[in-house]
Amino acid sequence: MLARVRRRLPALADDGRAPLAVALGYAVLLLCMPSQLVVGPLGAAGSPASLLGVAALIWWCASTVAGQNPARGLSPVRVAVLGLTLCVAAAYANGNAAGWYAPLTVRQQTDELWTLVPQTVDQVTATMVSAGDRGLLAFAAWIGITLVVADGIRSWADLERMVTWLSWLGAVVATIGLVQFATGYNLAASISLPGLSPNSEIGALHTRSIFNRVSATAVHPIEFGVVLACLLPLALHRTIHAWGRRGAAVPTVLIFVGANVSISRSAVLVMLAAGLVLFLGWPWRWRLRALLIAPVAVVALRLAIPGLVGTLVSMFTNFFNDPSVTGRTGDYDVVLDLYDDHWLIGRGLFTFVPRHYRILDNQYLMILVEIGLLGLLATAVFLAVAFLGGLAARCAPEPRARHLGLALAASVAGGAVAMLTFDAWGFPMAAGVGFLAAGMAGAARRLARSDAAAAAAAEPRETVDVRG
């Protein structure tokens, strides 16, 4: 896989498709390299994908200022990114100006002894400054790849190529997870790159019921499942339009099975949300086929992995008795009381550090306490712009382009649902895939509008003979 990447990326850059080359390189590093491998001195913000994303932002800024960016003027994606950037910057400045504190009342009960040691003001401040800096670098990487993709992808063919790569890369990640699920062998731990060192355990194995919960190259099984679930609509789009070719369904099947063996409630919810968007956007014949195929897929999964479907169902039937659910709802009052005095702009992305506060499995709540109410509103606008950008492709003249836009909207919707159930921005792969999908949706909007304008300009104008 990596050898193929090395052969292909220079060719893409040589023929004027440098943004595509950057996007594909980012996807490879994000999905195939374990998220824990980083440049040591930079910490968690020093992953290869993150560094490439920051470089992409610098490149986008330089090319835009120099007038070399072919995309001109304000676009919905640019406005949404600008609003979110201003909120993140304001929260960072406010945190450094106002300082941080960690009252004992916000700490959650745990058996981990290190949480019982009181932290001094200097220790809290040092941790928060480092966390705020890390948040800025991570955010810069996310918006860098979003802007480069939204402005730089020049054709539907290039966007389809991105979908193909993401489908197969998702299949690779799923395969690594399935090997670990079936055998317990940690294949991800054998991946290394000179100059990088792990900042935590790679491919940690968890258990739920009688099954291994795997993470492959992700940090956690929930992230593994959510990422695959967000990629599933794109893989399904490729399968539908490549039907009849050898291996057309392979990525979709691997990604679907991989998302389920994560044994994650979040992954199931993402698949349901994305599937609902697709179902509502499909013609009625496609809907009928989906209603026939879905039960077959569930039965096949049940026969292939006995007990898996029952375990997934039990996670929802015992929903209100699950400690992980009650733990999530118990966070609200405590966290909102803590940040009541900085409710408007917060005190910095990534500064709600679990070591000093508590674990939050809700990214929207995390955004509210880290970058305030304005940041939460800006995030909602960003997600809405990405979702509507995919739907805007319905004005494209080609049916395949319209379906690609629908698949991107489904992926964005799935990611937005996942943010309700876990702190998605705290996991590099989940956050990176979300912002990459948003950039692709922005590119789909731009290409669809351009095609519609070109088609309108090409239509013959009716002329009126005014001669007597």
Rounded to one decimal in nm, the spacing of the 7 Å Cα→Cβ label points at Leu377 and Leu86 is 1.1
Quick shape check on the range 29-88: root eigenvalues a ≥ b ≥ c of the Cα gyration tensor, a/c under 1.5 is rounded, otherwise prolate if a/b tops b/c, else oblate, and it reads prolate
Amide H proximity to Arg213 below 5 Å, modelled H, separation 5+ or other chain, gives His206, Thr207, Arg208
HN-Hα couplings for the range 131-144 via Karplus (6.51, -1.76, 1.60; θ = phi - 60°), in whole Hz with x for Gly/Pro, come out as 5, x, 5, 5, x, 5, 5, 5, 5, 4, 5, 5, 6, x
Ordering 432-439, 273-280 by per-residue average of other C-beta atoms within 10 angstrom, highest first, gives 432-439, 273-280
Extension length gain for Arg246 and Ser197 (0.36 nm per residue less Cα distance), in nm, is 13.8 nm
Computed, not fitted: 222 nm per-residue ellipticity of the chain from DSSP H runs ≥ 4 (each -39500 (n - 2.57)), nearest 500, equal to -22500 deg cm²/dmol
Rounded to two decimals, the Debye log10 I(q)/I(0) of the range 2-453 (Cα scatterers, no solvent) at q = 0.07, 0.14 Å⁻¹ is -0.34, -1.44
Burial-style ranking of 215-224, 131-140, 64-73, average other-beta-carbon count within 10 Å with highest first, yields 215-224, 131-140, 64-73
Expected sort for 373-383, 294-304 on mean C-beta neighbours within 10 Å, highest first, is 373-383, 294-304
Restricting to Cα pairs under 8 Å and 6 or more apart, the percent relative contact order of the chain works out to 22
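Each value in this text was obtained by applying a stated rule to the coordinates, not by laboratory testing. None of these values were measured; they are calculated from a predicted model. Virtual Cβ from ideal backbone geometry, glycine too; neighbours counted across all protein chains shown.
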